[in-house]
Amino acid sequence: MNNKIYPLAYTLAPGQSCTLYYLGFPEHWKEALLEIARKNNPRFKDEYGLPTNALKKLVESWMEGIIALAPLKKDSMDGQWLTSCYPYSEDDIRVLCELIKVWVKGTYVTSPRISPLVKKLASDFCKEIKSDAFFDLQSSSSVCLTFENGTVGEEAYQAVPLLVINHLLGKEIILHGQTLKLCYATKNQLISCPLSDPNSHHQYSFVFDFSVQTSPPKRKALLLCQMSIRRWIPDSLKKDREPILKENINAHIKVGENKYCQVQIAYNYNSKQVDWKEQDKECYNIWGYDQLPPAKDVLSDPTAYTTHIILPYKNGIWGMKKSKIGTGVSVVDKASLYRSIFSLLKERDIVCEQPVATRVSLKKQKFSSFRHPQEYANSEEFRQWVKKCAETDEINFEIYGLLNDPVQQELLNQIQAKIEQDFGPNTQTSCMQIHCMCKDVGNLTDAMPDDRKETKIQYCDEIVDAIGETDVVTACIFVLPGQDQYPKGDPKQVLRNAFAKTGRVVQFITPEENSGYSKIQNAVYDLYRQLGVVTLLDPTNNHPLLANTPCIGMHLCTQVHGIANKAQFLPLYVAVNIPEGKTRVYCDAFSKRGVSYREACLEMAKLFWDSNLERRCVDASRVPAKQKLIELKNHSYDQEDGVLLVVQSDGTTRHLWGGISDKEIGRYEIVEPYCPTEINVGTSKNPHMLSLVNSGVRIIRIRSNQEVPDYYTDLSKKSTDERLQLTSSSGIFQYGDVYWGIHEKPNDFQYTKSFTESRIDHPKQRFAEKDMIELYPLQLQPGDKAEHWVFYTNALRHIPIQYDQSLVLPLPLHLAEGLEEYLFDA
């Protein structure tokens, strides 16, 4: 058994410092801009300041070494407005002035619905912008970046990756006999010069993203190196055809021996053709680089420009030849590349050692669940389980497709046969009745004439009128052509919303997917999931020690669209009690606060039609963690009869629950490990301390994003110097006070080959490795063993009904994400 894993991260050498260079912002410029902002918006609030986020993105994208751009507010101190790792040359300041002009024009001149007065004021202001205004506003200071205790200064999060990029730029790495030259791609990212498959001549690059991340509770820092493959578009399908662009493309333009810059190709609604995005083109031209060719020419014939323009490839990209390059970086390549980068960084004393995580073992921590309903003793036992989960004694299954299409008809029959096989025949003694019927889809799956909001709303209303409401629990499967059949007017989202408005949950399956029984099975099981049947529990076997502990997942939906307005956040909670088969969803924006999972799907669809959506979501988002945790604390839980709350920590969630950040966790006083006396349950701006000691409430914080390192494993016994081979690994591993969870590797070539083969030798091979998540016990109770709660949380990843593989997130959080399918964005 492999007892160690090695994160793709480096321990930073202590005692590093650097000089930071500052530019102040001219006071009279700020006053002029604030006046323009007030004229543009009479409700402008001085405390919010100018909309400089767009300027920050421009400066970070088009100037090197920038680590901070401070907000500009009425009373802000602007002496250190812009911070860089490098001194400002005259050309840097000239470019900065031009970028400020681009930002001002984009915000107050070319933006829609700007008054003539504001346009004139903004245009006049741009004429006043001169480089000499910055010459007397320059300063510098030396700062310490890394400390002896493993922590870092605030500047290090931005400065260290830039210093790493600067040192690695232009360096060469040998991978399986192939030389990789490292080039700048964007902030904190390097790519290798394009490599070519010797047979197809299709190209790809290795991608390296660097960031500094910390782990709780002491905020010790690591330099993370995330690796990926970027495939390049090999060619267009038809060079004589006007290109069609379904989504924007970030073209990589070579502007130096070791440097690319990114300019977006987008559809220009004014010229009615694809073109370089105007703002990106302006910024590109500021630097005086070679003139860009027409964007439509680049899309029509990419191979003619590959020496200096390369276009990223994505599966399903419209009008382009399919890339034969496989996805993913093999574990073998990760190990080799990691070590090469470590050597380059260690020679400059940027990093000092490689972290290691060690396996933690605990027996009998898995749920016993079935993979298929046929594993129950009989179909009636399965019906009883479904009745408990779906909270109904009758279900109608409606299967929609083209009845006169032989391919679809066969698919419909297979779907119906699968459902009837699962439930068996209805009898007079059946605990619930099942009715299965195939229906002709008619013109419901036809493409809409366009994607306009008005068209979607009209189409949705017409479908609702046509099918009518149902008073029985109804689940539908639609045979729907794939997205490539809908150049415009894809009806999938409209169909789901319309059917949900009539009380039906909906699952889609495409005829192109009909490559085997497993596709049908997965679609049917995902429909069961929407009914609330989230796992198939084996009632005959033992379960983990904590199996009867309810688990609640806190989830945050973002950018929730309504017919009249849009909400920024919508918090909701999914509570799962596995032995009882109960899944409940709680959301203050629903018509009822607590509903079944099936009802929650329908409630999510209804949100779009609520003209008061924004206000309801704002009210629900005020202090969501505080409200929920006080509610749980006041419940009759004790330490033996507890509840577990799991929350995914990312930048969005931390905005509404500030107390789950590493910085906040580092301030908590603890009575014993993982047991703080109080935690902050308020928002980032309005903290509120709450004691949960002896309440029975436990909290596990989950991270599964780019803040968690990737990893590689130990060498296999079969490994040689000529042929490197590694072993697979799964389970729970501990690094410091955090735990990392890796689930088992599927018996699939893209996983097994990843431990033995290199991209260099096998450019067409798909490589995969199981994702690693971080589990941190934010709140336990006195006497708890952290491993029990970590293993229980991890066990909730292994029991989904619709997948043979384990989930990335624990079941309640996975189910919460699934509800977002029903949000309607017209």
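The values are calculated or read from the model by the stated rules, or taken from the named source; none is laboratory data. Because the structure is predicted, anything quoted here is derived from the model rather than measured. Methodologically, a virtual Cβ is constructed for each residue, glycine included, from the backbone with ideal geometry; neighbour enumeration extends over all protein chains shown. Heads up: the accessible areas ignore ligands, DNA and RNA and are worked out on the full protein's heavy atoms, side chains in. Shrake-Rupley method; radii C 1.70, N 1.55, O 1.52, S 1.80 Å.
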Could you tell me which GluC sites (Glu not before Pro) in segment 748-826 are loop residues by DSSP with no more than 10 other beta carbons within 10 angstrom of their beta carbon?
none
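Once you list every other residue whose beta carbon is under 11 Å from the beta carbon of residue 205, what net charge do they have if Lys and Arg are +1 and Asp and Glu are -1?
Summing Lys and Arg as +1 and Asp and Glu as -1 gives +4.
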Just to verify a number: what accessible area does residue 689 come out at with the full protein assembly present, 1.4 Å probe, Å² rounded to tens?
90 Å²
Rolling a 1.4 angstrom probe over the protein chains, ignoring ligands and nucleic acids, what is the accessible area of residue 609 in square angstrom, nearest 10?
60 Å²
So with the 1.4 Å probe, I'd like the accessible area per residue for the chain, rounded to whole Å².
44 Å²
Kirkwood-based Rg over Rh for segment 567-682 (C-alpha set), two decimals?
1.00
Regarding the chain, what are the three Cα extents along the principal axes, ordered largest first, in Å?
89, 62, 62
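Determine one quarter of the surface area of the Cα convex hull of segment 299-442, which equals its mean projected area, and express it in nm² to one decimal.
Over all viewing directions, segment 299-442 projects a mean Cα-hull area of 19.4 nm².
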Amide H contacts of residue 678 (H built 1.01 Å from N, under 5 Å, at least 5 apart or other chain):
669
Quick calc, residue 542 & residue 431: beta-carbon distance into FRET formula, R0 30 Å, rounding 0.05, result 0.75
Crossing angle, helix 597-606 versus the chain [Cα axis fit, 0-90 degrees, rounded to tens]:
50 degrees
Report the calculated FRET efficiency for residue 615 and residue 466 (r = Cβ-Cβ distance, R0 = 25 Å), to the nearest 0.05.
0.20
Along the Cα-to-C-beta direction of residue 694, a point sits 7 Å from the Cα; which residues of segment 650-671 have their amide N less than 16 Å from that point?
671
For the chain, calculated [θ]222 nm from helices alone, where every DSSP H run of n ≥ 4 adds -39500 (n - 2.57)
-8500 deg cm²/dmol
Let me spell out the model: positive unit charges on the Cβ of Lys and Arg, negative unit charges on the Cβ of Asp and Glu, origin at the Cα centre of segment 17-60. What dipole size does that give, in debye rounded to 20?
220 debye
Just how far, in whole angstrom, is segment 750-764 from segment 397-442 if you go by their alpha carbon centroids?
42 Å
Along the charge dipole of the chain, pointing to its positive end and built from +1/-1 on Cβ of Lys, Arg, Asp and Glu, which listed residue (392, 778, 189) has its Cα farthest out?
189
Need the full-extension length gain, residue 439 to residue 714, defined as separation in residues times 0.36 nm minus the C-alpha distance. One decimal, nm.
93.5 nm
Considering the alpha-carbon set of segment 217-284 alone, what are its Rg and its Dmax in angstrom?
17.7, 60
In whole Hz, with x marking every Gly and Pro, tabulate ³J(HN,Hα) for segment 7-20 from phi via Karplus 6.51 cos²θ - 1.76 cosθ + 1.60, θ = phi - 60°.
x, 7, 8, 10, 7, 6, 5, x, x, 7, 9, 7, 8, 9
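Using DSSP to call loops (not H, G, I, E or B), can you name the GluC sites (Glu not before Pro) in segment 417-501 whose Cβ has at most 12 other Cβ atoms within 10 angstrom?
469
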Using only Cα atoms and rounding to the nearest 10 degrees, what angle (0 to 90) does helix 27-40 make with the longest principal axis of the chain?
40 degrees
Quick one: the Cα spread of segment 144-264 along its three principal axes, in angstroms, biggest first?
62, 37, 27
Cα Rg, Dmax, segment 200-339, angstrom units:
17.9, 60
Using a Förster distance of 56 angstrom, determine the FRET efficiency expected from the C-beta separation of residue 404 and residue 364, and round it to 0.05.
0.55
If you line up the long axis of helix 492-501 against the longest principal axis of the chain, both from Cα atoms, how many degrees apart are they, to the nearest 10?
50 degrees
Each label point is 7 Å from the Cα along the Cα-to-Cβ direction; what then is the distance between the points at residue 271 and residue 566, in nm?
2.6 nm
Accessible area in the full protein assembly, largest first, 1.4 Å probe, for 370, 478:
370, 478
Which distance in Å, rounded to a whole number, links the C-alpha centroids of segment 534-584 and segment 206-223?
30 Å
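DSSP loop (so not H, G, I, E, B), at most 16 other Cβ within 10 Å: list which trypsin sites (Lys or Arg not before Pro) in segment 155-203 pass both filters. Please report the intermediate quantities before stating the final value.
On the way: sites: 171, 181, 187; in loops: 171, 187.
Sites meeting the loop and neighbour criteria: 171.
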Simple spin-label estimate for residue 291/residue 149, 7 Å along Cα→Cβ, in nm, reads 6.0 nm
Which value, in debye to the nearest 20, gives the size of the charge dipole of the chain about its Cα centre, when Lys and Arg are +1 and Asp and Glu are -1 at the Cβ?
560 debye
Compute, for residue 801, the solvent-accessible surface of its heavy atoms (probe 1.4 Å) with the complete set of protein chains present, and express it in square angstrom to the nearest 10.
10 Å²
So the pair-distance distribution of segment 553-621, from every Cα-Cα distance in 10 Å bins, comes to percents of 22, 54, 20, 5, 0
Over segment 401-447, what percent of the accessible surface lies on carbon and sulfur atoms, probe 1.4 Å?
49 percent
